[in-house]
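S.K.: Following this message is one structure expressed as structure tokens.
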Amino acid sequence: MTSTAARIGLVVADEVATALAEGRPVVAMESTIFSNLGLPAPGNREAFDRCEAAVRAGGAVPAVTALLDGRPRVGLTADDVDRVLTGSSKVAERDVPVAIAQRWAEGMTTVSASVALAHAAGIEVFATGGIGGVHRGVDTTGDISADLDALASHPVVTVCAGAKAFLDLPRTLEHLEAIGVPVLGWRHDWFPAFYSRSVGLPVPHRVEDAATVAGVLRARLREDTGVLLGVPIPEAAEIPAEEIEAKMLRALAAAAEAGVTGPKVTPFILARIEAETDGESIPANLALAENNAAVAAEVATALSALR
Ligand code: PSU
Ligand code: MN
């Protein structure tokens, strides 16, 4: 436990605390993806079950982060998970202190909040579906996800399928470069675009194994900067970029027309993409999240071997 953990009253589940104390592998996960904000029922429970099983199959302990009854939590009970599946308050890193001070009943952690809580608990690997990034139209809106700053501010490996192509992916990669986050491609030369394995953007560095990813985190020059590992969606589940692009553009247009701003933008667009694809996006989303959880367990195992 870090001094941050004590100051914020972080509650770490027994199984997670024991694994950390014994130096065994642990993989943190976010709660937004499993809540109403990320995936519709019943796909959200299936996503949770498959991600948890993939982490355990890889020999690691899963540690989902959330805020419940005003307390920040790492590692959930079955009852807690039921609450997460119906959760609807989105909590980014900057919102965590407010949720604690105001004792919110529930807060669903985004990537930024989860990476911060993972670090506070002493966890070095985090798995998710896709990260937030620089939004298209940033020149007028200024909309850049707090996920990016969190990657630069906590020494955690984030395992993801890149980011959805409704974002401005070239500028997201430029931003990650500017803030000093190493970006790695898992046995892949391209920055993954969530449903699609590539939209033609090269990834700065390709890696072939988990030991190398662990080595990159160990060799960081800044104490508090993490690593982004982009894992392409398994081929069998991929939706090709040309098939999804027009649907994403319609979802973006609907968000602009509805005048949606701030933290509501991403959940709004996610829901519209589901509608535009007639739910075809859901199995792809589950497959990539499960695959990321499996790779994250490998990375966590490699990190505990270095200890
Ligand atoms: N991208 C997805 N699914 C998600 C999210 C992003 O494909 O559920 C969620 C994650 O919790 C991410 C958050 O951290 O949205 C980013 O929101 P914003 O763009 O408001 O920073
Ligand atoms: Mn935003």
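Each reported figure results from applying straightforward, stated rules to the coordinates on display, with no laboratory input. Please read these numbers as outputs of a predicted model, since none were measured by experiment. Note that each Cβ is placed from the backbone with ideal geometry, even for glycine, and that neighbours are counted across all protein chains shown.
S.K.: Test of understanding: ordering 143, 79 by Cβ neighbours within 10 Å, fewest first, what list do you get?
M.R.: 79, 143
S.K.: Related question: Net charge near residue 296, counting Lys/Arg +1 and Asp/Glu -1 over other residues with Cβ under 15 Å of its Cβ?
M.R.: -2
S.K.: Grab the Cα-Cα distance for residue 212 and residue 22, subtract it from 0.36 nm times how many residues apart they are, and report the gain in nm with one decimal.
M.R.: This chain segment gains 66.1 nm when fully extended.
S.K.: What does the charge dipole of the chain about its Cα centre add up to, to the nearest 20 debye, if the Cβ of each Lys and Arg holds +1 and the Cβ of each Asp and Glu holds -1?
M.R.: 620
S.K.: Under the definition of Cα pairs under 8 Å and six or more residues apart, what whole-number percent is the relative contact order of the chain?
M.R.: 21
S.K.: Ok, one more. Along the positive direction of the dipole of the chain (beta-carbon charges: Lys, Arg +1; Asp, Glu -1; about the Cα centre), which of 207, 77, 246 reaches farthest?
M.R.: 77
S.K.: Hey, another quick one. Which distance in nm do the two modelled labels at residue 69 and residue 177 give, with both placed 7 Å along the Cα-to-Cβ direction?
M.R.: The two pseudo-label positions are separated by 4.9 nm.
S.K.: What does the net charge come to around residue 274 if you take all other residues with beta carbon closer than 13 Å to its beta carbon, with K and R at +1 and D and E at -1?
M.R.: The answer is +1.
S.K.: A further question follows. Using a simple spin-label model with points 7 Å from Cα along the Cα→Cβ vector, what separation in nm is obtained for residue 264 and residue 305?
M.R.: Placing both labels 7 Å along Cα→Cβ, they lie 4.9 nm apart.
S.K.: Here is a follow-up. Among 116-125, 33-42, how do they line up from the highest to the lowest mean number of other beta-carbon atoms within 10 Å?
M.R.: 116-125, 33-42
S.K.: State, as an integer percentage, the relative contact order of segment 104-231 based on alpha-carbon contacts under 8 Å between residues 6 or more apart.
M.R.: After rounding, I find 27 percent.
S.K.: Residues with amide H under 5 Å of residue 64's amide H, sequence separation 5 or more or different chain, H placed in the peptide plane at 1.01 Å from N; which?
M.R.: 29, 75, 76
S.K.: While we're looking at this one, here's another question. Show me 275-284, 145-154 ranked by packing, highest mean number of other Cβ atoms within 10 Å first.
M.R.: Output ranking for 275-284, 145-154: 145-154, 275-284.
S.K.: Say each of residue 257 and residue 237 gets a label point 7 Å from the Cα, pointing the same way as Cα to Cβ; how far apart are those two points in nm?
M.R.: 3.1
S.K.: Moving on. Expected output is a single nm value to one decimal: the length gained when fully extending between residue 105 and residue 11, i.e. 0.36 nm times separation in residues minus the C-alpha distance. What is it?
M.R.: 32.3 nm
S.K.: Segment 125-142 to segment 178-247: how many Å between their Cα centroids?
M.R.: Here the two parts' Cα centres lie 14 Å apart.
S.K.: Related question: Tell me, in nm to one decimal, what length is gained between residue 79 and residue 49 on full extension, where the rule is 0.36 nm per residue of separation less the Cα-Cα distance?
M.R.: Taking residue 79 through residue 49 to full extension adds about 9.4 nm, to one decimal.
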